[in-house]
Amino acid sequence: MAAPITGIILSVKRYNPQEIEPKWQQVWEEKQAFIAQDFADRPKTYISPMFPYPSGAGMHVGHTFEHAIVDAIARFHRANGHNVMNPMGWDSFGLPAENYAIKTGTPPQETTKTNIANFKNQLKRLGASIDWTREINTSDPEYYRWTQWIFTKLFERGLAYQKESLQWWCPIDQTVLANEQVVNGKCWRHDGPDDPPAEKKSIKQWFFKITEYADALLDEIPELDWPEKIKTAQTNWIGRSEGVIYTNKVKDTDLEIESFSAHFEAITANTFVAIAPDHPLLPKLVDGLDNAQDILDQAKQMAIDRDAKGPGSLGEPEGIFTGRYALDIFGDEDLPIWIANYALADYGTGIVLCSAHDERDFEFAKKYGIRLKPTMVPVDPIEAEKVKNLEYCFTDMTNGILIEPKAFEGKVAASHRQEIIKFLEHEGFARAEVKYKMRDWLISRQRYWGAPIPIIHCDEHGAVAVPEDQLPVRLPDVKDFAPKGDGKSVLAHVEDWVNTTCPTCGKPAKRETDTMDGYACSSWYLLRYTDAHDDTQAWDPKLANYWAPVDFYVGGDHAVAHLLYVRFWTHVFKDMGLTDFKEPVKKLIYHGLIAAEDGRKMSKSLGNTVDPLEIIDQGYGADALRTFELFLGPIDENSNWSSSGIGGVYRFINRVWTLVQEFDESDKSFTGNDAEVTRLQHKTARKVTNDIHRQSFNTAISALMEYVNDLYKLKVDGFSDTTWREALSVLVQLVAPFAPHMSEELWQQLGHEGLVHETMWPEWDDAQIVEDTMTIVVQVNGKLRAKLDVAKDTDKETIEKLAIESENVKAFVGDQQPAKVIYVPGKLVNIVVK
RNA sequence: GCGCAGGUGGUGGAAUUGGUAGACACGAGAGACUUAAAAUCUCUUGGCUGAAUAAGCCGUGCGGGUUCGAUUCCCGCCCCGCGCACCA
């Protein structure tokens, strides 16, 4: 019999995370336990979260969730003998620090430093197993020197260029916005009900030519081990469409217009032309007409109205007739040219041939009484008549039947796309063309707190890249950070910085005063981690090729922006010979977000954030916090913080602790149900290992809870020393990725040398997991009627006989002969009766 | 509008290949210990009928289907969430 438990509990050392957590954090630091070794001859695992912007607010428990995921995976692989790199860095350029500087005069350099120190402290107190020797910071000149270097390389290759263009502009931040930074017509940072809409301005801007890599980026998507959600988002974002370009002469002028069509199957249906209100060709088109100026003024107003509404909220289409006609290539009636607010200047050619087989065109034509001519109809003759009579718009290319031209009469539209293209090309009506929704990546920012674009403007040589030996172009110190309202960065007013000499001719020249979009800095940091402090190159290709691509990249944001840009740059690096691989990230772990307990998004302004250090200091400790966050649910789902839920996990951790304490102090001479203890140990090792491999942490933790619950029950029967010690040791190893501090302490108490991860992760033997008996479910017509406990080697005939003879089954089967008996080995018997 | 993911007890969730629905936990209820409370421990906890830890019926958003058997597969619909949104 077991020794009386009460006596033991009194002498047990209480679980005190306040004491053991700082202790082990210090040991890890002293032992340099998490340093990744370059070129070590072991399997490598490179894992990283999306590096944080070090905000003044610090991390809340929504942010620490991500680090709990990363750390569990990192510790798991380390314990499996892998050479793990788990680095950390700071995405520290950005608007909040600059806005704070405008308000308070405190330079961003200072606030950034303070904030980083705070984040670092939070991560250390969380027990994150980070290799701090690789720490990087995008606003450090030693880092942005290489961001600038990459810019000059892209510039050399023609992948960075300048262009005058209409750009979204935030009237509050006084800066340009990328398309994806405009949310419901407003700046992403100022999208409240009282905030003004984003505007459009024509400005000379720097772009990266991501469109040149559209196909390359698209081609790799199917191969990525990324969530389907992100893969489809990227595919749609790139938005490749195959179509044709038509060229039409404009009646009474020397002009020709080109238009793109991806839905060209209804070949001869086009009856009018739509041109974007801000199309550059418009003035030429109406030139010579009496009311030309009037039309241009109206078009200008239309463009402004549209921009004010913002993307996706156009409503009813608006149009202005230009007075011009295009000549129909098929010799049909002339096509009136309309200015339409739904035509986009920057997609395709900005001009569209319109037909009865497009919802927008149809609606537009009905509104303005423009002729329509359906040339494709449904199979059903009654419906076909309706389409011909323009009762509704028919767009189903997959099933639609063409009624003209002669060559395609009676054919299904979609199944003849290729033949139709050939026909159009052969007849000289059009040529094949591929267009993309994706635009080039606008990177100019009229802000101070970013990496200066390393370009010098010379009257003679134009834009000249700053030579490598003059990098970095350092940000000068500034006292007044407030924008001057001239649309330029405050850098433009630092005269002795702006005025320089041309690297080519040595004559006076001026520096570019725009800085780079923060996404530029974050598009290569994963490679910098592999060679974080190299001052001779951005990274050593040998190191990058050893560590990268990243094995696990963990984040919950940036489905298209960052995750597309980082792919783009890596493709370019491969082409430059700087890496051996095209894709930067093997597996993307895209987690959900943790909202506040009230279900709303955690934010400082709502006052509903939960501070991880507060939870730790309340006495729960980092181990309970981390374990709880992973126990909340599947990591790819959103969840809410729960202040009562963490208590349950804390109780579990306490029970693990107490279980080991009691072993330590108890009589070790008796034996109990050793076989069952060992069986559970193997079963749990298998379950936890498999679950961690598929990132199912909540079920891994619940399996550990079951194991602990079972061990408490088995303890009453007594146990032998070696079996029990092994069972507890395995428990400690399995729980270590989630609750590492407590695990180290218990590992030591159980008499093991070294840190937990220095002993190989527990293995299991499937043969040990099989029980001596099995439970067979007995169903009658699929309904559960009885259960049989039989020896594991009982044969089919015996089981079926026992099933049919069991009392409750008889009650349902009666005298009937079963029509069928289905036996699923080791699981169930289903008796089918009529 | 298009795309993607999802809908299971009072709550978070589990069921990995079509095979015992509700593991694990929270909350709630009862009890033990305590002068008392907290902590801890034990038990109960999907709904209905029932004295029952006998048995039965219902039950995984709704309606159908396939199957001996469906939370799981198929068809149609409804609802929430996310992403993209005039892309011709």
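The values are calculated or read from the model by the stated rules, or taken from the named source; none is laboratory data. This one's a predicted model, so the numbers in the text were calculated from it and none came from an experiment. Here the Cβ is made from the backbone with ideal geometry for all residues, glycine too, and neighbour counts use every protein chain on show. The accessibility values were calculated without ligands, DNA or RNA, using every heavy atom of the protein model including side chains. Shrake-Rupley method; radii C 1.70, N 1.55, O 1.52, S 1.80 Å.
On the stretch A:48-92, 51 percent of the accessible area sits on carbon and sulfur atoms, based on a 1.4 Å probe. Beyond 27 Å, what share of the Cα-Cα pairs of the stretch A:545-672 is found? Please give it as a whole percent. Considering the stretch A:545-672, 47 percent of its Cα-Cα pairs are separated by more than 27 Å. When a/c reaches 1.5 or more, the comparison of a/b and b/c decides; with that in mind, is the stretch A:393-535 rounded, prolate or oblate per its Cα gyration tensor? Since a/c reaches 1.5 and a/b is larger than b/c, the shape of the stretch A:393-535 is classed as prolate.
Starting from the Cα gyration tensor of chain A, take the square roots of the eigenvalues, sort them a ≥ b ≥ c, and report rounded, prolate or oblate (rounded when a/c is under 1.5, otherwise prolate if a/b is larger than b/c, else oblate). Spell out each step's value before the answer.
Numbers: a/c = 2.64, a/b = 1.43, b/c = 1.85.
Oblate.
In loop segments of the stretch A:368-408 as defined by DSSP, the trypsin sites (Lys or Arg not before Pro) with at most 13 further C-beta atoms inside 10 Å of their C-beta are A:371.
Number of Lys-Lys pairs in the stretch A:128-260 under 26 Å by Cα, sequence gap 8 or more or different chains? Summing the qualifying lysine pairs gives 17.
Taking the 1.4 Å solvent-accessible surface of the stretch A:479-527 as the whole, the part contributed by carbon and sulfur is 50%. Summing charges over all other residues whose Cβ lies under 15 Å from the Cβ of residue A:433, with Lys and Arg as +1 and Asp and Glu as -1, gives +2.
Compute the Cα gyration tensor for the stretch A:52-203, then decide on rounded, prolate or oblate, letting a ≥ b ≥ c be the square roots of its eigenvalues: rounded whenever a/c is under 1.5, prolate when a/b is larger than b/c in the other cases, and oblate in all that remain. Write down the numbers at each step before the final one.
Values: a/c = 2.01, a/b = 1.55, b/c = 1.30.
In terms of gyration-tensor shape, prolate.
Rounded to the nearest Hz, the phi-derived 3J(HN,Hα) couplings of the stretch A:603-614 under the Karplus curve 6.51 cos²θ - 1.76 cosθ + 1.60 (θ = phi - 60°) are 8, 4, 5, 7, x, 10, 6, 10, 8, x, 5, 5, where x marks glycine and proline. Against chain A, whose longest principal axis is taken from its Cα atoms, helix A:108-126 shows a tilt of about 30°. Model label sites at residue A:42 and residue A:726, defined 7 Å from Cα along the beta-carbon direction, differ in position by 2.4 nm.
To the nearest 10 degrees, how steep is helix A:417-426 against the longest Cα principal axis of chain A, on a 0 to 90 scale? Relative to chain A, helix A:417-426 is tipped by roughly 30 degrees.
Other residues whose C-beta falls under 12 angstrom from the C-beta of residue A:360 contribute a net charge of -4, scoring Lys and Arg +1 and Asp and Glu -1. Selection among A:70, A:639, A:218 by position relative to the dipole of chain A gives A:639 as farthest towards the positive end (Cβ unit charges, Cα centre). Where both bridge residues fall in chain A, DSSP classifies roughly 75% of the beta bridges as antiparallel. Relative contact order of the stretch A:113-235, taken over Cα pairs closer than 8 Å and 6 or more residues apart, is 21 percent.
Between helix A:796-805 and chain A there is an angle of about 80 degrees, using the helix long axis and the longest principal axis of the Cα atoms. Short-range pairs are left out: with C-alpha atoms under 8 Å and at least six residues apart, the relative contact order of the stretch A:380-463 is 12 percent. Working from Cα pairs under 8 Å separated by at least six residues, relative contact order for chain A is 15 percent.
So which GluC sites (Glu not before Pro) in the stretch A:599-644 end up in coil per DSSP with only 16 or fewer other C-beta atoms within 10 Å? Mind showing how you got there, number by number?
Details: sites: A:614, A:629, A:637; in loops: A:637.
Qualifying residues, ordered by number: A:637.
Spatial offset of the stretch A:369-442 relative to the stretch A:736-813 amounts to 62 Å, using the alpha carbon center of each. The residues neighbouring residue A:64, those whose beta-carbon lies less than 9 Å from its own, together hold a net charge of -1 under the Lys/Arg +1, Asp/Glu -1 convention.
Of the accessible area of the stretch A:94-227, computed with a 1.4 Å probe over protein heavy atoms only, carbon and sulfur atoms account for 48 percent. Please give the calculated 222 nm ellipticity per residue for chain A, where each DSSP H segment of at least 4 residues contributes -39500 (n - 2.57) and the sum is spread over every residue; nearest 500 deg cm²/dmol? Taken over chain A, the calculation gives -11500 deg cm²/dmol. Run through the stretch A:278-369 and list the chymotrypsin sites (Phe, Trp or Tyr not before Pro) located in a DSSP loop whose Cβ has at most 10 other Cβ atoms within 10 Å. Filter output for the stretch A:278-369: empty list. Sorting A:571-578, A:416-423, A:73-80 by their mean Cβ neighbour count within 10 Å, with the most densely packed peptide first, gives A:73-80, A:571-578, A:416-423. Summed over all non-identical Cα pairs, the Kirkwood treatment of the stretch A:512-596 gives a radius of 13.9 Å.
Taking a probe of 1.4 Å, how large is the accessible area per residue of chain A, in Å²? List each step's numbers first, then the result.
Numbers: 36930 Å² over 834 residues.
It amounts to 44 Å² per residue over chain A.
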